[in-house]
1. Do any residues in the stretch A:569-582 that are on the phi < 0 side of the Ramachandran plot have Cβ atoms under 7 Å from those of residues that are away from RNA strand B (no atom under 14 Å from the Cβ) and open to solvent by 80 Å² or more (accessible area, probe 1.4 Å), where the two are at least six apart or on different chains, and which pairs are they?
2. In the stretch A:40-62, which residue that is buried (at least 19 other Cβ atoms within 10 Å of the Cβ) and either at pLDDT 85 or above or among the basic types (K, R) (or both) is nearest to A:Q138 (Cα to Cα)?
3. Yes or no: A:D565 more than 30 Å from A:A623 (Cβ to Cβ) and either at pLDDT 95 or above or within 13 Å of RNA strand B (Cβ to nearest atom) (or both)?
4. Among (1) crowded, with 18+ Cβ neighbours inside 10 Å; (2) not in a helix (DSSP H, G or I), where does A:V409 come up short?
5. For the stretch A:332-347, which residues satisfy the criterion of being open to solvent by 20 Å² or more (accessible area, probe 1.4 Å) and either closer than 18 Å to A:E492 by Cβ or touching a residue at least 12 places away in the same chain (Cβ under 8 Å) (or both)?
6. Based on what the data block shows, is A:F197 over 24 Å from the mean Cα position of the chain (by Cα), closer than 30 Å to A:E129 by Cα and either open to solvent by less than 60 Å² (accessible area, probe 1.4 Å) or within 10 Å of RNA strand B (Cβ to nearest atom) (or both)?
7. Here are A:V371, A:V363, A:V469: which of them is β-branched (V, I, T), within 30 Å of A:R276 (Cα to Cα), within 13 Å of RNA strand B (Cβ to nearest atom) and surrounded by fewer than 15 Cβ atoms within 10 Å (Cβ to Cβ)?
8. Condition check: within 16 Å of RNA strand B (Cβ to nearest atom), in a strand (DSSP E or B) and not hydroxyl-bearing (S, T, Y). Does A:R218 satisfy that?
Amino acid sequence: MAIELEFPDGQKKEYPVGTCGREVAISISERLGKQAIAARLNGVLRDISTPIENDAKIELITLSSDDGLDIYRHTAAHLMAHAVKDLYGDDVQVTIGPSIENGFYYDFYSEKHTFTPEEFEAIEKRMTELAAADLPIQREEMDRDQAIRLFRDMGEAFKVELIEDLPDEKVSIYRQDDFADLCRGPHLPSTKYLKAFKLTSVAGAYWRGDEHKAMLQRIYATAFLDKKALKAYLHKLEEARKRDHRKLGKELDLFSFSEEAGAGLVIWHPKGALLRTLLEDFERREHLKRGYEIVIGPQILRTELWKTSGHYNNYRENMYFTEVDGQSYGIKPMNCLSHMLIYKSKLRSYRDLPLRFFELGTVHRHEKSGVLHGLLRVREFTQDDAHLFCTPDQLHEEIKGVLGFVQDVMGIFGFEYELEVSTRPEKSIGTKEDWDRATNALMEALRETGLPFDINEGDGAFYGPKIDVKLKDALDRRWQCATIQCDFTLPERFDLTYVGKDGEKHRPVMLHRVILGAIERFVGVLIEHFEGKFPLWLSPVQAVVLNVTDNQQKYAEKVFSQLLDLGLRVKKDFRNEKLSFKIREAQQEKTPYMLVIGDQEMADGTVTPRFRTGKNLNAMTPADFAELVSRECERHQ
RNA sequence: GCCACUGUAGCUCAAUUGGCAGAGCAGCGGUUUUGUAAACCGCAGGUCGUGGGUUCGAAUCCCACCGGUGGCUCCA
């Protein structure tokens, strides 16, 4: 029997026959300063105490690794459940509690008790006591039936249900003191390792993620290896809250929502509307550059057409309907229909393809009330939507073109993003050949760009596979923005054709795609990304003219109108206030440039620009300043 | 939609266990003419989200509805 050990630093070592696994692990862990808390045994994560019975390849896991931290948090989840059971006993049933990014959660079920944040401190206190008690955490394997009996006797019905659904004959449970939990593991050897955790929120969650099943109470918590890291994380959260787009949207007077207008409907104020317009102008330019044609369709289309497209059957509960002259109309939740009508408006030849129809299309979707979230989830929004129609041969190049477009645009804004390919779901239409061809086209194009991507098996639309692009917001939440979707149904349902070289009719391939996604959502992510300090080319107000006293007002007016004429987005503040007061306000509005005009500037025919970082430039003429601004804007576009 | 929490002046927040609704900022009127993040004085501003109910009396307790927050399910 031979054991090959791999240390966290990559160093490897062989151990001789006959060595007991536990001893090896412990002795190694001692050599590492007791840092090893788990091990990857022949590729599988296991407890550090796992006995080794055969030849084995062991990779030691320390807390400083991602796996280690994950195990740490998972054990912390058990600790929380343990504390909750200690405090609330049989009033509360345990269910599951995994580790997540930055922490963990545990779902509890109770008819008698509702958790509130006021109780967090008491739970944390109990957790700290249990951790300090240095309780050994022991794994135990038992037969399914035995485990079912065990948890049934404990009154843990949810655990019983879990075990009943497990395929294995043997299940493992973890014990610490009198607390036992069904768990695959692995876990830390003892509770004493847990040093820094904090309960953060309580929320509802469906049992097994099914909205028809019981509603559980989920307690979210964060956990780090030490108090310092925990504090740093909490500080980061605090900072993130400061850049919340809902807060900044109000402070910067960009947009609002109105209870009177209705939920999920954005009201764009002058500065927000200008920001949005600048984005839209940018989009039109970028699309025209890439061979897209701008089109515009109606906001409502007859319900019959939504029946043809399949939306009436598959998407009706998300749609709004209205009646005109006794005819039923559907308010569009998507822009594809009119684009297809344009395609169908005349006979198409293979020579016409690819066709790329672009529309800044406003859509309405009846989103469930509970999901609305600032600009990130609304009921009326505008997509930078395009539909590409091409021959099967062109598909690959078209997808590559869109991916390149996405890369360019994300680069301009400096966004981090993740890519996912979603493959065929169970409920879907189209032939296997269609799906394979399209999925391969998506993946091949992605491989050629060299960007890393994940595969989301079975998560495609029912009509075709897709690539999703997810941006990260200030709280590290992912928001889907860009998406590229292949569609086999709509060309079929609408009988779209083109005449091929052979003179025969063929079916074009259709791609739905958006780059920013929804302008509303994108603006929301953008606000958080830049913390409201938009780059000059996107700033609704690029500069504000400030006079020091009334004495320079006439000259300042002249400068102001000159800059307006030169195309700058400029405001003036000639109020009878101290300069420092006006600068403070301009700073709070995050205006990029403040143009100070005092007697000196008036005498020289100049302005002194102050950037929002606090940096002053040398005095310059208004024309030179306008030149500087336009140069700076060009760099970003 | 579901679970929990929540709604007071334009904004940010107060209001002892039910007993006359308050502050700062913003606004308005004065004074002040000011050089890089807050000059000073005064005035005005609210049917306490809406509608019911309990009570001698409700911002406060109960119910319904409309919003919002944190999640879940769903999604751009």
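1. Between residues of the stretch A:569-582 that are on the phi < 0 side of the Ramachandran plot and residues that are away from RNA strand B (no atom under 14 Å from the Cβ) and open to solvent by 80 Å² or more (accessible area, probe 1.4 Å), the close pairs are A:V570/A:L564.
2. Per the stated criteria, the residue is A:D47.
3. Working: more than 30 Å from A:A623 (Cβ to Cβ): no; either at pLDDT 95 or above or within 13 Å of RNA strand B (Cβ to nearest atom) (or both): yes.
Judged against the criteria, A:D565 is not a match.
4. (2)
5. Listed by number, the residues that qualify are A:M334, A:L341, A:I342, A:K344, A:L347.
6. Values: over 24 Å from the mean Cα position of the chain (by Cα): yes; closer than 30 Å to A:E129 by Cα: yes; either open to solvent by less than 60 Å² (accessible area, probe 1.4 Å) or within 10 Å of RNA strand B (Cβ to nearest atom) (or both): yes.
So A:F197 passes the test.
7. On the way: A:V363 fails: surrounded by fewer than 15 Cβ atoms within 10 Å (Cβ to Cβ); A:V469 fails: surrounded by fewer than 15 Cβ atoms within 10 Å (Cβ to Cβ).
Result: A:V371 is the single residue among A:V371, A:V363, A:V469 that is β-branched (V, I, T), within 30 Å of A:R276 (Cα to Cα), within 13 Å of RNA strand B (Cβ to nearest atom) and surrounded by fewer than 15 Cβ atoms within 10 Å (Cβ to Cβ).
8. Working: within 16 Å of RNA strand B (Cβ to nearest atom): yes; in a strand (DSSP E or B): yes; not hydroxyl-bearing (S, T, Y): yes.
So A:R218 passes the test.
The values are calculated or read from the model by the stated rules, or taken from the named source; none is laboratory data. What you see is a predicted model; the values in this text were computed from it and never measured. Here Cβ is always computed from backbone atoms with ideal geometry, including for glycine, and neighbour counts include all displayed protein chains. Quick note on the areas: whole protein, heavy atoms, side chains included, nothing else; ligands and nucleic acids left out. Shrake-Rupley method; radii C 1.70, N 1.55, O 1.52, S 1.80 Å.
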